Structure formats: structure tokens, C-alpha cells
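Participant: Here it is, the structure in full.
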Amino acid sequence: MRPDGLIFIGKEEDIKKSGRITAKINGREIVVFYHEGKFHALDSRCYHEGGPLCRGEIEDINGQACIVCPWHKFKITLETGEGLYEGINPLEPSPTPQWQSKGVKQRIHKLTIDNGSIYVCPPDLSVSFDSDYFAEKYKNGGELAMGKQSHSEVAE
């Protein structure tokens, strides 16, 4: 941790090559994505049921880059943390599905790039998000407590 409170996540070039990286901030797991020239950081566990967003695919939905949770296909914007769903207005004569926002559900983490290194600001926990529940539940080995294998255990 730097004197200004920023926490080192990784080297800019390494994250650009891999496209994503997970890291822990005070026991809280986050995922950093590099997508279309931008870095994005968010809680690594989906706000819905704690699915591993680090294993999700990125899709473009109405011009917004979204991570798709691999467990239940929930879609979350990388930029704002909004949950998106496809809904219809039944009052329309021939309703067609439109993408709509459920509001901000996933905690986004502020990144700083300094001299080729990526840093993240510790989260402001005075404001809560739906993803906080699973971030806390999976904190410090919570994957084992919930009966899920971690990525490193699967690889072994």
C-alpha cells in the first residue's frame, strides 16, 4: 500500500496481456478487466448469487461493455456496475424486448495508473451495493466455506 492509501494490483502491461486479473483488497476479492483500451475494476463476485465474474465473458449491450456472470448469465456494465435485463412494455401494441437497468448492483473500484503500475482505491464502505453481501461472504477463504472450489484449486 502506498502512503496515499492506494493498493498495488499489478503491472499495466501484464493486465493488458491477460485481459483480466483478480486481486484481494483487505480480504475482498476484486477483478480488473482490460477491455477495448480501458481498465475496469469491480467486485469479483456477482451481486445475484456470488458467481465468479472473473470467469465471465464480456459482451457489448447497447454500446456498453458488460460482464456476463457464468452461473446465471446476469449482465453487469463494467463502467457503472449496473445490472441489465431485457424487458418488455406490455402496454405497447407489439412489445419488443429492450435492455433496461436494474440500477447499480455491483461495486466498482476506482483505479489509478502510475508509471506502468495499476493501483486501486480502498472501497468506500459507507455506501453499500448488492455485491457487498457476496464480497463479504467470500472474504478470506469464503469459497471453501460455501463449498465452492477456487480457481487455483480447480487448476491443481
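The values are calculated or read from the model by the stated rules, or taken from the named source; none is laboratory data. The structure displayed is predicted, hence computed values, not measured ones. Every residue, glycine as well, gets a Cβ built from its backbone with ideal geometry; the counts of neighbours run over all protein chains shown. These area figures cover heavy atoms from the full protein model, side chains too; ligands, DNA and RNA do not enter into them. Shrake-Rupley method; radii C 1.70, N 1.55, O 1.52, S 1.80 Å.
Participant: Run the paramagnetic zone check for Thr96: 7 angstrom along Cα to Cβ, then residues of the range 72-88 with backbone nitrogen under 20 Å.
Facilitator: Of the residues in the range 72-88, 85-88 have backbone N under 20 Å from the label point off Thr96.
Participant: Which option, (i) 1.07; (ii) 1.00; (iii) 0.95, is the value of Rg/Rh (Cα atoms, Kirkwood Rh) that was calculated from these coordinates?
Facilitator: Answer by label: (ii).
Participant: Right, here's the next one. As a check on your grasp of the helix formula, calculate [θ] at 222 nm for the chain: sum -39500 (n - 2.57) over DSSP H runs of n ≥ 4, divide by the residue count, round to the nearest 500.
Facilitator: -3000 deg cm²/dmol
Participant: Would you please give the residues with an amide H less than 5 Å from that of Lys102, counting only those at least 5 places away or on a separate chain, with H modeled from the backbone geometry?
Facilitator: Answer set, sorted by chain and number: Gly83, Leu84, Tyr85.
Participant: Which Cys in the chain stand alone, with every other cysteine's Cβ at 4.7 Å or more from theirs?
Facilitator: Lacking a cysteine Cβ partner under 4.7 Å: Cys54, Cys66, Cys121.
Participant: Next question. With the cut-off at 25 Å, tell me which of the pairs Lys38/Lys75; Lys11/Lys75; Lys75/Lys137; Lys105/Lys139; Lys11/Lys137 have Cα atoms farther apart than that.
Facilitator: Lys11/Lys75; Lys11/Lys137
Participant: Give me the 1.4 Å probe accessible area per residue for the chain, excluding ligands and nucleic acids, in Å².
Facilitator: 56 Å²
Participant: What is the percent carbon and sulfur in the accessible area of the range 77-137, measuring with a 1.4 Å probe over the protein chains and ignoring ligands?
Facilitator: Carbon with sulfur: 52 percent of the solvent-accessible area.
Participant: How large is the dipole of the chain about the Cα centre if only Lys and Arg carry +1 and Asp and Glu carry -1, each at its Cβ, rounded to the nearest 20 debye?
Facilitator: Using Cβ point charges on Lys, Arg, Asp and Glu, the chain gives about 260 debye.
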